[in-house]
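Since the structure comes first, as structure tokens, the remarks are kept for the end.
FYI, it's all coordinate maths here, none of it is from the lab. Keep in mind that what you see is a predicted model, and the values were worked out from it rather than measured. Neighbour counts run over all protein chains shown; Cβ positions are idealised from the backbone, glycine included.
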Amino acid sequence: MNTNIVKDIIRLIDRVTNEDILENLGLQRRTSFGEAFLPGLGVFVAGVAVGAGISLLLAPKTGREMRDDLYQRMDSIRDQLEKVVRPGQGTETAVRPS
């Protein structure tokens, strides 16, 4: 009979979480910067993407001009990302062997 009581107590202890202990003490867990900041950043980025899409639809340019602008912007963004991802590459000057 004592072993059953001990097993029940162990099962109850296993179910207790950190949040349960903090709640019983009248405390709560602090949220980290990432937990508080990243959801807002995601909403902001989604809003920027929607705004960019709407601005493209309402732009007073022809389809050809718009595509050319988009291709140029994508090329410049890709070049900037390559500089960030691979710093130092592409900055060396080529020297021909003599």
Report summary line: In region 51-72, anything surrounded by 11 or more Cβ atoms within 10 Å (Cβ to Cβ) and of a type in the set (Lys, Arg) is listed as Lys61, Arg67
Query raised in the report: What is the residue count in region 1-29 for residues that are outside any loop (DSSP other than H, G, I, E, B), more than 36 Å from the chain's Cα centre (by Cα) and either surrounded by 10 or more Cβ atoms within 10 Å (Cβ to Cβ) or not charged (D, E, K, R) (or both)?
Result: 11
